[in-house]
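Asker: Here you go, one structure.
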Amino acid sequence: MEEDKEESKAEEESETAAAADTQISAEGVQTAKRRVSKETVIEYVKRYAFLTVGLIIMAFGVAFSKKAALGASPISSIPFVLKPVAGLDIGISTTIVNALIVLLQIIILRKKFKWINLLQITVCAVFGYICQFAEWCLGGIVLPTGLSAALSWQNWLICIAGIVLVAFGVSMEVTASVMTLAGEGLALALCQVQNKITFRFMKVIVDVTLVLISVALSFIFLKTLYTDSVYFGTAAAAVCVGLIAGLFNRFMKPLGDKIFVCKKQ
């Protein structure tokens, strides 16, 4: 009997110890989950803050480009030409074009498309308001327009500054790796299915294509080149923004690796 009692007592102690270990293990898992959750929140806050700074820099680049009076940016060239062609407001036409670009991403990526990227349309809308603020900040700058703009070194200096700022913002936007504008989203989607072409060259291909579509719409419906949409500065931006962004990526990506804990694909 005594032996049975001792065995029973030993079993109870073993079960109690096992239960205690299980509880400690469960508490450890919960603690680890809370730590990971906290780190994830901090990570996304940092990434979206990085993206926001990039969008602000891009917005000032767009404002500089518009102030130079040498044509719209490549992504804005189609909405600008749709204003006289279809009588659409710039805001409405910009939303339509961005929505079509996102739809094109869905067609390209199919099952690989992440539905959160539908928010690109919202980001583009917010970016539009930031651009308006940037234009207000540069309201005091007065430069020649029309043919005089193409011959003015001041206009070209402002245009080049705009191109560099847009490229820098694009580099930050891509490095943040959480959300992009529709144009960059299309370039990244094409890079996924055609990985032999780097982002900077794909960006150039996308921008040049958008500009060519704008030129075609202008000549088909207006019988002339609508210079508010496409002009010398537009062509320069289409070719240079992606290439300059690629140069910025050489130090922007290592910077991102230092700032962000998790490396995103």
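The values are calculated or read from the model by the stated rules, or taken from the named source; none is laboratory data. Small disclaimer: the values here were computed from a predicted structure and weren't measured. Cβ: placed from backbone, ideal geometry, glycine included. Neighbour counts: every protein chain shown. Only protein heavy atoms, including side chains, enter the accessible area calculation; ligands, DNA and RNA are left aside. Shrake-Rupley method; radii C 1.70, N 1.55, O 1.52, S 1.80 Å.
Asker: Under 6 Å between Cβ atoms, which residue pairs at least 6 apart in sequence (or on different chains) link something in the stretch 240-251 that is at negative phi with a partner that is polar (S, T, N, Q) and surrounded by 13 or more Cβ atoms within 10 Å (Cβ to Cβ)?
Answerer: Sorted first by the residue in the stretch 240-251, then by its partner, the pairs are ALA245/SER171; PHE248/SER171; ASN249/SER171.
Asker: Against the conditions (1) over 22 Å from PHE219 (Cβ atoms); (2) crowded, with 20+ Cβ neighbours inside 10 Å; (3) among the hydrophobic types (A, V, I, L, M, F, W, C), where does VAL45 fall short? Just the number, please.
Answerer: Only one criterion in (1) over 22 Å from PHE219 (Cβ atoms); (2) crowded, with 20+ Cβ neighbours inside 10 Å; (3) among the hydrophobic types (A, V, I, L, M, F, W, C) is unmet by VAL45, namely (2).
Asker: Here's something else I'd like to know. Filter the stretch 191-210 down to residues that are of a type in the set (D, E, K, R) and in contact with a helix residue (DSSP H, G or I) (Cβ under 6 Å, 6 or more places away or on another chain) and give me whichever is surrounded by the fewest Cβ atoms within 10 Å (Cβ to Cβ).
Answerer: The extreme case among them is ARG200.
Asker: Do we find that ILE56 is part of a helix (DSSP H, G or I) and crowded, with 21+ Cβ neighbours inside 10 Å in this structure?
Answerer: Judged against the criteria, ILE56 is not a match.
Asker: With respect to GLN154, determine if the residue is open to solvent by 10 Å² or more (accessible area, probe 1.4 Å) and either of a type in the set (Ser, Thr, Tyr) or touching a residue at least 12 places away in the same chain (Cβ under 8 Å) (or both).
Answerer: no
Asker: Is there a residue being over 18 Å from ALA176 (Cβ atoms), open to solvent by less than 70 Å² (accessible area, probe 1.4 Å) and without any contact (Cβ under 8 Å) to a residue 12 or more places away in the chain anywhere in the stretch 61-79?
Answerer: Looking through the stretch 61-79, none of the residues is over 18 Å from ALA176 (Cβ atoms), open to solvent by less than 70 Å² (accessible area, probe 1.4 Å) and without any contact (Cβ under 8 Å) to a residue 12 or more places away in the chain.
Asker: Please find, within the stretch 166-205, the residue that is nearest to the chain's Cα centre (by Cα) out of those that are within 27 Å of THR227 (Cβ to Cβ) and free of Cβ contacts under 8 Å to residues at least 60 places away in the same chain.
Answerer: Among those residues, the one meeting the criterion is GLU184.
Asker: Okay, moving on. Specify the residue that is least open to solvent (accessible area, probe 1.4 Å); the eligible residues are those in the stretch 211-228 that are closer than 20 Å to LYS66 by Cβ and touching a Leu at 6+ places or on another chain (Cβ under 8 Å).
Answerer: SER218
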